[in-house]
1. Before we move on, is A:Pro7 open to solvent by 50 Å² or more (accessible area, probe 1.4 Å), part of a loop (DSSP other than H, G, I, E, B) and either acidic (Asp, Glu) or away from every other protein chain (no Cβ under 14 Å) (or both)?
2. Say whether the condition of being without any contact (Cβ under 8 Å) to a residue 12 or more places away in the chain, surrounded by 16 or more Cβ atoms within 10 Å (Cβ to Cβ), within 14 Å of chain A (Cβ to nearest Cβ) and not acidic (Asp, Glu) is met by at least one residue in region B:86-99.
3. Do we have any residue at all in region B:87-101 that's at pLDDT 95 or above and assigned to a loop (DSSP other than H, G, I, E, B)?
4. In region B:33-45, what residues are open to solvent by less than 10 Å² (accessible area, probe 1.4 Å) and more than 12 Å from chain A (Cβ to nearest Cβ)?
5. When both residues are 6+ apart or on different chains and their Cβ atoms are under 8 Å apart, which pairs have a first residue that lies in region B:38-50 and is among the charged types (D, E, K, R), and a second that is surrounded by fewer than 20 Cβ atoms within 10 Å (Cβ to Cβ) and outside any strand (DSSP E or B)?
6. With the checklist (1) under 30 Å from A:Met96 (Cβ atoms); (2) within 11 Å of another protein chain (Cβ to nearest Cβ); (3) not in a strand (DSSP E or B) in hand, flag the one item B:Pro107 doesn't pass.
7. Could you say which residue among A:Ser80, A:Ser84 is surrounded by fewer than 16 Cβ atoms within 10 Å (Cβ to Cβ) and in a loop (DSSP other than H, G, I, E, B)?
8. If a residue has to be aliphatic (A, V, I, L, M), at pLDDT below 95 and either under 11 Å from the mean Cα position of the chain (by Cα) or open to solvent by 60 Å² or more (accessible area, probe 1.4 Å) (or both) to count, how many in region B:46-82 make the cut?
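The values are calculated or read from the model by the stated rules, or taken from the named source; none is laboratory data. Everything numeric here is computed off the predicted structure, so don't read it as measured data. Positions of Cβ are backbone-derived with ideal geometry, glycine not excepted, and every protein chain shown enters the neighbour counts. Keep in mind that these areas ignore ligands, DNA and RNA; they rest on the heavy atoms of the full protein, side chains included. Shrake-Rupley method; radii C 1.70, N 1.55, O 1.52, S 1.80 Å.
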Amino acid sequence: AQSVAQPEDQVNVAEGNPLTVKCTYSVSGNPYLFWYVQYPNRGLQFLLKYITGDNLVKGSYGFEAEFNKSQTSFHLKKPSALVSDSALYFCAVRDMGDYKLSFGAGTTVTVRA
Amino acid sequence: DTAVSQTPKYLVTQMGNDKSIKCEQNLGHDTMYWYKQDSKKFLKIMFSYNNKELIINETVPNRFSPKSPDKAHLNLHINSLELGDSAVYFCASSQIAGAGYEQYFGPGTRLTVT
């Protein structure tokens with residue numbers, strides 16, 4: 001079985017400050033990990049993924065995420081948040097060999113000017 | 001160029017009616033999916049087709065029936081609509097099923113059952 005937890009429903013930061021959105025996962029094998037962003041009344045947009053290799057992955061719009069196998073985490077980070085980063089962020093996991101992608105409950109990010 | 005498109009964008013209908021949502025992708029992907037996003041924004045996989053073969057069939061009422069006429073299209077038909085079917089339905093596609101391929105989502109269809 002696979003699952004994802006996003007422990008924070010909401011994250012509030014000031015523009016220019018670092019942004020972190022937390023994600024932990026559970027899989028029986030090796031994970032494929034993904035981050036998506038959803039703007040109001042829009043579909044999900046892919047940000048980045050971890051498949052294998054370097055634990056630090058870089059993605060769209062200046063976002064990056066660090067895979068930590070010992071802590072089963074895949075936190076999303078941005079060094080300097082923008083107001084336009086305000087959106088709903090989803091972490092997702094797929095166990096190797098599984099077709100299904102399991103999503104977390106989402107974290108709403110609000111960046112204030 | 002819209003990669004994954006859905007029609008209609010909004011669908012308002014009465015309980016008991018039958019409705020369909022259409023999805024098309026022009027990415028050349030082999031795999032397509034239907035998701036349901038409820039009012040709390042929780043996303044749940046419903047179905048997936050890989051090259052016209054059903055590979056994911058989650059526990060959903062059998063009033064929901066997917067159909068894939070070819071690998072670029074995946075439609076969702078819903079019979080005898082109920083109030084609880086109100087949600088946003090997203091279509092998505094990926095290059096192949098499983099593995100490390102990301103999914104590309106359509107804009108969603110907001111279904112309201114009155």
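1. On the way: open to solvent by 50 Å² or more (accessible area, probe 1.4 Å): yes; part of a loop (DSSP other than H, G, I, E, B): yes; either acidic (Asp, Glu) or away from every other protein chain (no Cβ under 14 Å) (or both): yes.
Against the criterion (open to solvent by 50 Å² or more (accessible area, probe 1.4 Å), part of a loop (DSSP other than H, G, I, E, B) and either acidic (Asp, Glu) or away from every other protein chain (no Cβ under 14 Å) (or both)), A:Pro7 qualifies.
2. Going residue by residue through region B:86-99, those that are without any contact (Cβ under 8 Å) to a residue 12 or more places away in the chain are B:98-99.
Narrowing further to those that are surrounded by 16 or more Cβ atoms within 10 Å (Cβ to Cβ): B:98.
Retained after the next criterion (residues that are within 14 Å of chain A (Cβ to nearest Cβ)): B:98.
Cutting the leftovers down to not acidic (Asp, Glu) gives us B:98.
Checked against the condition, which is being without any contact (Cβ under 8 Å) to a residue 12 or more places away in the chain, surrounded by 16 or more Cβ atoms within 10 Å (Cβ to Cβ), within 14 Å of chain A (Cβ to nearest Cβ) and not acidic (Asp, Glu), region B:86-99 yields at least one hit.
3. No, region B:87-101 contains no residue that is at pLDDT 95 or above and assigned to a loop (DSSP other than H, G, I, E, B).
4. Answer for region B:33-45, where residues must be open to solvent by less than 10 Å² (accessible area, probe 1.4 Å) and more than 12 Å from chain A (Cβ to nearest Cβ): just B:Trp34.
5. B:Lys40/A:Ala105; B:Lys41/A:Ala105; B:Lys44/B:Asp38; B:Lys44/B:Glu58
6. Of the numbered conditions (1) under 30 Å from A:Met96 (Cβ atoms); (2) within 11 Å of another protein chain (Cβ to nearest Cβ); (3) not in a strand (DSSP E or B), the odd one out for B:Pro107 is (1).
7. Working: A:Ser84 fails: in a loop (DSSP other than H, G, I, E, B).
Matching residue, one of A:Ser80, A:Ser84: A:Ser80.
8. Counting residues in region B:46-82 that are aliphatic (A, V, I, L, M), at pLDDT below 95 and either under 11 Å from the mean Cα position of the chain (by Cα) or open to solvent by 60 Å² or more (accessible area, probe 1.4 Å) (or both) gives 1.
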